[in-house]
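Reading through the structure tokens given below for one structure.
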Amino acid sequence: MNRNIVLAFFISFLVCFPMKAQEGSPTIITLDDALRIALSENVAVKVADKEIERTEYARKGTYASLLPQVDAVGSFQRTIKKQVMYMDFDMSAFAGGGESGETPSQDSGNISSDAVPSDDGSSKSSGGIEVGRWNTYSGGISAMMPLVNAQLWKSIEISGQEVEMAVEKARSSRLDMVTQVKEAYYSVLLAKEALNVYKEVYDNAMANYSQTEKRHNAQKASDLELTRAKSAVSNAVPNVFNAESSVILALWQLKAVMGVDLDMDIDVAGSLEDYGKSMLFDVNEAEAMNLDYNTTMRQLAIQAEEMANNVKIQQYAYLPTLAANFAYSVNAMTNDFNFKEYRWTPYSYFGLSLSIPIFSGGKRLNDVRAAKVQAEELDLQRADTERQLKIGIRQYLNTMEARMKSHAAALDAVETARKAYDIAQKSYNVGRSTITDLNDAQLGLTQARLSVSQAIFDFEVAKANLEKILGCDVTGEPVFWK
């Protein structure tokens with residue numbers, strides 16, 4: 001690799017990178033700013049709020065079942081073929097046997113004149129009478145109101161619990177969102193810290209390359225050392241590019257969970273070292289932790305209440321129901337369409353309807369049994385969920401304790417590795433050590449610095465997930481941190 005080409009490439013990279021950052025001043029946000037924006041812009045939070053609104057409307061709709069249900073009805077009926085009514089009567093009076101000596105007309109209304117002799121010698125009509133008219137109009141109102149309905153009353157109570165469930169689910173969405181925002185924010189800080197480390201490695205590699213080249217020109221360094229110095233520079237470049245890409249991706253992830261435009265130019269404030277100063281936690285305080293505010297357990301508790309009420313609803317199916325009914329209508333029957341001449345006949349009634357369940361083929365009994373089994377399933381699920389959550393608490397506590405110890409050890413390792421690198425660099429400058437020794441010292445320093453950042457990141461992520469399990473409020477502090 002030609003020296004001039006290498007220097008030109010790396011100088012152009014170092015110049016363009018700061019210029020890219022200076023094209024527009026990004027908006028610097030803190031963790032509190034990110035959480036505040038996410039609470040108002042996150043899609044999951046908005047959907048959860050809409051679900052609360054929906055259940056509120058559903059609850060109000062259930063209350064409407066207690067009020068009278070009034071409907072207006074109207075109908076028109078055109079008769080295609082009229083019904084025929086048959087009647088048995090003695091025709092002898094119409095055959096001239098009457099005192100008046102008159103005979104009935106053969107065309108009197110819709111009554112047929114055909115007759116057949118009966119067993120006793122009299123005659124009976126074999127025809128019929130057409131009933132009704134061609135047009136029938138009807139209009140009115142009807143009303144129904146439940147007076148005694150235990151199932152309805154209990155269902156209203158369940159609708160109120162559904163609103164409570166929606167509120168708790170909205171709280172769960174906020175807790176999930178807070179954890180995601182924190183993890184994304186810490187990921188950006190970790191990526192930026194790694195970028196700083198790899199840029200420093202690159203700067204050291206360039207400085208070592210320049211020093212090796214001077215020594216090589218003075219015939220104090222071999223071609224092998226010069227080649228290794230060039231190799232160290234070449235190996236440092238991909239790490240810088242990868243770290244820069246990680247910062248960009250981490251910022252995209254943060255903007256995604258915040259619910260803002262991905263093209264928005266933002267940057268995070270602070271560094272992981274700021275959080276490393278507060279990595280203090282007393283493991284003995286873990287005994288005071290409980291799941292009273294855990295959103296999953298609260299949802300299961302609400303579901304248990306709903307299941308208990310559902311059992312009662314099925315049991316209330318055995319109880320009688322009483323409802324009040326009212327109807328008022330007007331009717332008209334005509335053979336023409338002369339509306340002004342219609343005679344409207346009113347009809348109305350009021351009544352009580354009592355329904356007493358007697359036999360349903362065992363359906364009500366099986367419905368009660370099914371509801372009880374479902375409640376028992378929920379109890380088993382609740383016990384298992386509580387056990388898993390307690391395991392999660394212990395895991396996060398163990399992670400936090402381990403990362404506190406790792407952080408302390410990594411800080412000592414960084415101090416030792418930096419001293420070792422300084423000694424190796426000075427020894428290399430005076431020719432007492434090789435470039436390999438210097439690269440090994442640089443590698444140890446890099447690993448130690450990354451270990452410090454990784455320990456802080458893991459601690460904060462575990463802490464955020466622990467707060468989520470404990471159900472800590474979005475703006476409040478957990479009990480064990482006060």
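The values are calculated or read from the model by the stated rules, or taken from the named source; none is laboratory data. Everything numeric in this text was worked out from a predicted model, so none of it was measured. With ideal geometry, Cβ positions are generated from the backbone for all residues, glycine too; neighbour counts draw on all protein chains shown.
A search for C-beta distances below 9 Å between a residue of the range 419-435 that is crowded, with 18+ Cβ neighbours inside 10 Å and any residue that is hydrophobic (A, V, I, L, M, F, W, C) and part of a loop (DSSP other than H, G, I, E, B), counting only pairs 6+ apart in sequence or on different chains, returns ILE435/ALA221.
Among the candidates GLU467, GLU415, GLU376, GLU401, single out the residue that is part of a helix (DSSP H, G or I) and in contact with a Pro (Cβ under 8 Å, 6 or more places away or on another chain).
Values: GLU415 fails: in contact with a Pro (Cβ under 8 Å, 6 or more places away or on another chain); GLU376 fails: in contact with a Pro (Cβ under 8 Å, 6 or more places away or on another chain); GLU401 fails: in contact with a Pro (Cβ under 8 Å, 6 or more places away or on another chain).
Only one candidate passes the filter, namely GLU467.
Could you please let me know if ARG59 is among the basic types (Lys, Arg), more than 14 Å from the chain's Cα centre (by Cα) and within 30 Å of THR321 (Cα to Cα)? The answer is yes for ARG59. What do you reckon, is SER245 farther than 30 Å from ARG432 by Cα and surrounded by fewer than 16 Cβ atoms within 10 Å (Cβ to Cβ)? When the stated conditions are applied, SER245 passes them. Yes or no: the range 343-363 includes at least one residue that is within 42 Å of the chain's Cα centre (by Cα) and polar (S, T, N, Q). Yes: one or more hits.
Let's see how each residue does on (1) under 38 Å from the mean Cα position of the chain (by Cα); (2) crowded, with 17+ Cβ neighbours inside 10 Å:
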| position | (1), (2) |
| --- | --- |
| GLU273 | yes, no |
| ASN294 | yes, yes |
| TYR328 | no, no |
| GLU376 | yes, no |
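With respect to the stated conditions, GLU305 fails to be acidic (Asp, Glu), touching a residue at least 40 places away in the same chain (Cβ under 8 Å) and within 30 Å of LYS405 (Cα to Cα). Of the residues in the range 384-402, at least one is surrounded by 14 or more Cβ atoms within 10 Å (Cβ to Cβ), hydroxyl-bearing (Ser, Thr, Tyr) and within 30 Å of GLU273 (Cα to Cα). Cβ-Cβ contacts under 8 Å between residues 6 or more apart (or on different chains), taken from a first residue in the range 344-371 that is under 24 Å from GLN314 (Cα atoms) and modelled with pLDDT of 90 or more to a second residue that is of a type in the set (Val, Ile, Thr) and not in a strand (DSSP E or B), are listed as VAL368/VAL311; ALA371/VAL311; ALA371/ILE313.
Scanning the range 429-450 for residues that are of a type in the set (Ser, Thr, Tyr) and farther than 30 Å from LYS192 by Cβ gives SER433, THR434, THR436.
Please pick out the residue among ALA221, ALA229, ALA236 that is assigned to a loop (DSSP other than H, G, I, E, B), among the hydrophobic types (A, V, I, L, M, F, W, C) and under 30 Å from TYR209 (Cα atoms). So that I can check it myself, show each step before the final result.
On the way: ALA229 fails: assigned to a loop (DSSP other than H, G, I, E, B); ALA236 fails: assigned to a loop (DSSP other than H, G, I, E, B).
It is ALA221.
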